[in-house]
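Undergrad: Have a look at this one before I ask anything.
Any read-out appearing in this document is the output of simple, stated calculations on the displayed coordinates, not a laboratory observation. This structure is a prediction, so every number in the text was calculated from the model and none was measured. For neighbour counting, all protein chains shown are included, and Cβ atoms are generated from backbone atoms with ideal geometry for every residue, glycine included.
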Amino acid sequence: MTTEIDRPTTRTVVTAGVPPRRLRARSDRPVRAVLKHVLLALGVLTTLYPVLWMIVSSLRPDGQIFGNPSIIPTDFHVENYAYGWTALGKPFSLYLWNSAIVVAGSIIGNLVSCSMAAYAFARLRFRFQGPAFAYMLVTIMIPVHVLIVPQYVLWAQLGLVGTFLPLILPKLLATDAFFIFLMVQFIRGLPKELDEAARIDGAGHGRIFFQIILPLMKPALATTAIFTFIWTWNDFFTQLIYLTDPKLYTVPIALRSFIDAQSQSSFGGMFAMSVVAVIPLILAFAFGQKHLVQGIATTGLK
C-alpha cells in the first residue's frame, strides 16, 4: 500500500509575452514624471521671475535694485511704498481712480456696442453683410499707430483732447473687432429655434436680443470684460497721447513719471507703485478665470 504526499508547489509569476522594452519603459515612468515636474517647475519659476524680482526690488533701496538680480530679500525698505504713494505731488490713489474711470467706461462701451454688432452679424440678414463682416475682420490687423494721427486730429477739432472721452467714446461705437468676432462665433452656436419660438410669441429683434440672446452670452461677455480690463489698464500709448493734464494721468503714465532723464529717478517708489498697480490685474484674473476659460472654450467649440 502506497501513500502519496502532496508536496507544496511554488508558482513564479512570469510576464509572458511582454517584451523587455516595455518592461524598461514601465520602470522609467516614475523618472519621466519627476523630470516633467522639474521642468514645469523651472518654467513656472522662469515665468514668475520678473514679477518676483519686481516685488523684491520694491523693498530695496535705489542703489541696490539693478545691482542685485536675486529674488531673495535681504533688506525690507517698506518706506518705498509710503514715498511712492506721494512722490508725484498727488496721492497715487488719484491715478488709480483715473484708470478705474477709463476702464469702467471701456468695459461698458465694449459690452453694449460689441454685443449689439455681433447680434446683427450673426442673426440679421442685410445687404453687403458678408463684405462688411470681412472688412470688420481686416481692421483687427491694422495697428493703432496707423490710426492715431487722424484720430488725434479729429478729437482735437472737437476740443476733446485732454479729457477721458477720446478713450471711452470709441468703445461705444464697436471699434474692437476682436470682441465682435468673439461674440459672433458664440451667438452662431446658439440654436436658432429659440429665436423662432420668440417670433411666434410676437417678439421682435430687440426683445430677442435682450431677453434671450444676451442672458446666454454670459461667458462671452465675461471674456470681453476681462480682456478689456487688462488691455485698458495696461494701455500706455493712447493714454499718453490724449491725457495732457497731470490731474488726469492714469496708472501707466504715473509710473512713467517716476523716471526723469534730467533729474534723479526714484526706482524704489516706481517698483512699489508697480506692485500696487498689478494687484487689480491679479484680482481680476483670479476671480474671472473660470468665466474666461469657459468663454474661450465654448467660443472655440461652437
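Undergrad: Using square roots of five times the C-alpha gyration tensor eigenvalues, list the equivalent-ellipsoid semi-axes of the stretch 57-182 in whole Å, biggest first. Can you show the working numbers first?
TA: Values: eigenvalues 366, 74, 45 Å².
In descending order, the three semi-axes are 43, 19, 15 Å.
Undergrad: Assuming 0.890 mPa s and 25 °C, estimate D for the stretch 20-80 with Stokes-Einstein, Rh taken as the Kirkwood radius over Cα pairs, in µm²/s. Walk me through the numbers on the way to the answer.
TA: Details: Rh = 14.4 Å.
Once the numbers are plugged in, D ends up at 170 µm²/s.
Undergrad: Would you mind listing how long the stretch 75-143 runs along its three principal axes, going by Cα atoms, in whole Å with the largest first?
TA: 65, 23, 22
Undergrad: Something else now. Tell me the Kirkwood radius of the stretch 87-301: reciprocal of the mean inverse pair distance over distinct alpha-carbon atoms, in Å. Please report the intermediate quantities before stating the final value.
TA: Values: mean 1/r = 0.0518 Å⁻¹.
When all Cα pairs of the stretch 87-301 are included, the Kirkwood radius is 19.3 Å.
Undergrad: Arrange the following residues from fewest to most other Cβ atoms within 10 Å of their Cβ: MET217, MET136, MET141.
TA: Values: MET217 22, MET136 16, MET141 7.
The order, fewest Cβ neighbours first, is MET141, MET136, MET217.
Undergrad: While we're on this one: Highest first, please rank the peptides 31-40, 244-253, 172-181 by the mean number of other Cβ atoms sitting within 10 Å of their residues.
TA: Values: 31-40: 10.0, 244-253: 17.2, 172-181: 19.0.
Packing proxy ranking, top to bottom: 172-181, 244-253, 31-40.
Undergrad: Further question on the same structure: Taking the alpha-carbon centroid of each part, what is the distance from the stretch 267-284 to the stretch 200-240 in angstrom?
TA: 28 Å
Undergrad: Count neighbours as other Cβ atoms within 10 Å of each site's Cβ, and list the trypsin sites (Lys or Arg not before Pro) in the stretch 107-189 that are DSSP loop with at most 14 such neighbours.
TA: Qualifying residues, ordered by number: ARG125, ARG127.
Undergrad: Could I ask something else about it? Using mean Cβ contacts within 10 Å as the protection proxy, how do 153-161, 103-111, 50-58 order, highest first?
TA: Values: 153-161: 13.0, 103-111: 20.6, 50-58: 17.3.
The most tightly packed comes first, giving 103-111, 50-58, 153-161.
Undergrad: For ALA100 and PHE128, FRET efficiency with R0 = 30 Å and r from the beta-carbon atoms, rounded to 0.05?
TA: Numbers: r = 39 Å, r/R0 = 1.31.
So, using R0 = 30 Å, E works out to roughly 0.15.
Undergrad: Quick one: which of 222-229, 197-204 comes out on top by average Cβ neighbours within 10 Å, and what's the full order, highest first? Intermediate results must be reported in sequence, preceding the final value.
TA: Working: 222-229: 21.4, 197-204: 11.4.
The most tightly packed comes first, giving 222-229, 197-204.
Undergrad: Using r as the Cβ-Cβ distance of LEU281 and VAL144, and R0 as 25 Å, what FRET efficiency do you calculate, to the nearest 0.05? Intermediate results must be reported in sequence, preceding the final value.
TA: Details: r = 21 Å, r/R0 = 0.82.
After rounding to 0.05, the efficiency reads 0.75.
Undergrad: Next up: Calculate, in nm to one decimal, what ARG32 and LEU165 gain on full extension: separation in residues at 0.36 nm each, minus their alpha carbon distance. Intermediate values should be presented prior to the final figure.
TA: Numbers: separation 133, 0.36 × 133 = 47.88 nm, distance 5.61 nm.
Taking ARG32 through LEU165 to full extension adds about 42.3 nm, to one decimal.
Undergrad: What length, rounded to one decimal in nm, is gained on full extension from TYR152 through to VAL44, with 0.36 nm per residue of separation minus their alpha-carbon distance?
TA: The TYR152-VAL44 span can extend by a further 34.8 nm.
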